[in-house]
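Throughout, read-outs are computed from the coordinates displayed, never taken from laboratory work. From a predicted model like this one, the values you see are computed outputs, not experimental measurements.
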Amino acid sequence: MIAHDVIAFIFKVINFGALFGLGAYFFCKKFKKQIKAKIEEKEVFWHNLKTNKINLINQQNVLTTEISIQQQYAQELLKKIAQWKSVSLKNQELLSKDFQENADRAYKRALKVQDFRKQRELFEHVAPRVLKSSHEELDHYYGQDYHSEKYLGHIINFMEKEKP
């Protein structure tokens, strides 16, 4: 009985192997192309994903580089704006100072013109009257000999004191 059990076991294994092989053959014959096509699709999909990932990383690197360039450009522009603002303030101060100086000069010029007009007016109107009045007074005062001699003596004494 042992031999019969061993033979039965061997035939069971052979039958199982034959059925398994036959099933595998029909499975491979019928489904092998479909499975192979799906595997190729998955490989293409994964390859495309890898290619897209590499492209995205490259784009990210390019964008990062462009962003840093734009930031440097923005910093340079901010420095130029600060410099322009500084120069503009200095120019505005200089213009304000020049305007003030021009206003002061114009005011002084106006004062000089006003003084000149006053002096001319005095010379034209007042001076002739003063001179006439002084002439009359001096004629009256020095018309007498005593006063003229006293005045000449006073001048001579003054001049003698001033001699070195």
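Work out the count of Lys pairs in segment 51-113 where the Cα-Cα distance is under 19 Å, with the pair 8 or more places apart or on different chains. Provide the component values of the computation, followed by the final result.
Values: Lys79/Lys90; Lys80/Lys90; Lys85/Lys97; Lys97/Lys108.
Lysine pairs satisfying the spacing and distance rule in segment 51-113 number 4.
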Lysines with Cα under 21 Å of Lys38, excluding same-chain neighbours fewer than 8 positions away: Lys29, Lys30, Lys50
